[in-house]
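These notes are about the structure you will find just below.
Only the coordinates and a few stated rules stand behind these numbers; no lab work does. The structure displayed is predicted, hence computed values, not measured ones. All Cβ positions, glycine included, derive from the backbone under ideal geometry; neighbour counts span all protein chains shown.
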Amino acid sequence: MTDTPLWFPDPREANDDGLVAIGGDLGVERLLLAYRSGIFPWSCDPITWWSPDPRAIFEFDEFRISRSFAKTLRREPFDITLNKAFVEVMEGCATARTDGNWIGPEFIEAYTALHEAGHAHSIECWRDDELAGGVYGVSVGGLFAGESMFHRVSEASKVALHYLVEHLRQQGFALFDIQMVTPITSQLGARHISRDEYLERLQNAVELECAFGDG
């Protein structure tokens with residue numbers, strides 16, 4: 001008896017809201033297949049899988065910094081680390097959300113396993129040895145899929161995101177997916193592309209050999 005191969009429907013066949021499939025599990029291999037396919041999970045009960053059209057991304061050369069934010073960066077208000085507090089960043093994102101929260105215990109457990117497998121990463125901002133904010137996401141080849149960010153100190157999440165953009169650029173990543181444009185990411189230069197364009201760029205990105213590293 002053999003295991004049933006993992007698979008997803010073609011994301012181009014998603015419904016008008018971007019829903020591709022319902023069910024399955026949040027195992028490491030299924031999650032990696034999802035991200036390679038342009039799909040991501042967004043709920044646990046039941047597990048739902050999505051590929052919206054359009055799709056939001058950051059172009060590395062279009063990340064915008066306002067004058068006030070540039071002053072913040074020059075002050076270096078935080079100590080920055082990579083992959084030092086992954087679970088704490090996920091928990092911070094979960095407790096900070098006020099517009100609906102999909103980051104429950106099942107997601108934290110699943111993405112911690114993905115982190116331990118070398119495919120989920122966090123960027124942390126610290127002040128006085130306390131976690132002030134951060135961002136986390138998933139890397140597959142030259143794709144980085146940003147999942148969520150949070151702050152407990154003003155500007156901490158934006159500083160973490162700026163550091164992430166610069167880090168991905170330096171490491172040779174080709175595609176920074178952020179799923180949807182929000183008011184904050186819009187201010188920083190996020191934009192939409194069609195799902196077809198996203199999937200075409202994704203195919204090339206995941207073939208790259210990019211290491212996220214630990215800073």
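At-a-glance table
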read-out: Estimated D of region 10-71 in µm² per second, where Rh is the Kirkwood radius over Cα pairs and Stokes-Einstein applies at 25 °C, 0.890 mPa s; value: 181
read-out: Selection from TRP49, VAL28, LEU82, by position along the positive dipole direction of the chain (Cβ); value: LEU82
read-out: Label-point separation, ALA113 to ASN15 (7 Å along Cα→Cβ), nm; value: 2.7
read-out: Theoretical ellipticity at 222 nm over the chain - DSSP helices of four or more residues, -39500 (n - 2.57) apiece, nearest 500; value: -10000 deg cm²/dmol
read-out: Prolate/oblate/rounded call for region 82-195, Cα gyration tensor, a/c under 1.5 rounded; value: rounded
read-out: Overall Cα dimensions of region 22-114 - principal axes, largest extent first, Å; value: 47, 30, 26
read-out: Relative packing of peptides 142-149, 168-175 - highest average C-beta neighbours within 10 Å first; value: 142-149, 168-175
read-out: Dipole magnitude of the chain about its Cα centre (Cβ charges: Lys, Arg +1; Asp, Glu -1), debye to nearest 20; value: 860
read-out: For VAL140, distant residues with modelled amide H under 5 Å away; value: ALA145
read-out: Spacing of the two label points (7 Å from each Cα toward its C-beta) at ALA211 and TRP7, in nm; value: 3.6
read-out: Computed log₁₀ I(q)/I(0) - Debye formula, equal Cα scatterers, no solvent, the chain, q 0.16 Å⁻¹; value: -1.11
read-out: Interchain or long-range residues, amide H under 5 Å from LEU175's placed H; value: PHE144
